[in-house]
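To start, the structure itself, in C-alpha cells.
The values are calculated or read from the model by the stated rules, or taken from the named source; none is laboratory data. Just so it is clear, the model here is predicted, and its values are computed rather than measured. Here the Cβ positions follow ideal geometry from the backbone for every residue, glycine too, while neighbour counts run over all protein chains shown.
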Amino acid sequence: MTNQDKITSHKKKLNTKYKLLVEQAYNFKQTDSGLSDFFEYKAIKTLNKLNRLKYLEPSS
C-alpha cells in the first residue's frame, strides 16, 4: 500500500466519522445541548484533521 493510498483511506475514515458526529450533534440539539456541543466540538476537530490532509494530496 502506497502512502497516497494510506492517506486516501484515512481521509475516508475521517470523513465518515465527521458525518456521524455532525448527525449526532444535530440529533441532540433539542434534547441535550451540552452533549450536542460536545459532538459539535469533536466534529470540528475531525474536520481540522481532514483539512490538514488536503495539503498532502498531489495537485491535479
When you scan the range 12-44, how many residues do you find that are among the basic types (Lys, Arg) and either over 29 Å from Thr2 (Cα atoms) or surrounded by 13 or more Cβ atoms within 10 Å (Cβ to Cβ) (or both)? 3
Among all residue pairs at least 6 apart or on different chains, which show Cβ distances below 9 Å where the first residue, located in the range 1-28, is more than 15 Å from Ala43 (Cβ to Cβ) and polar (S, T, N, Q) and the second is modelled with pLDDT under 95 and not in a helix (DSSP H, G or I)? Asn3/Leu56; Gln4/Leu56; Gln4/Glu57; Gln4/Pro58; Thr8/Glu57; Ser9/Met1
Please determine, by comparing only the residues of the range 25-57 that are of a type in the set (Ser, Thr, Tyr) and part of a helix (DSSP H, G or I), which one is nearest to Thr8 (Cα to Cα). Thr46
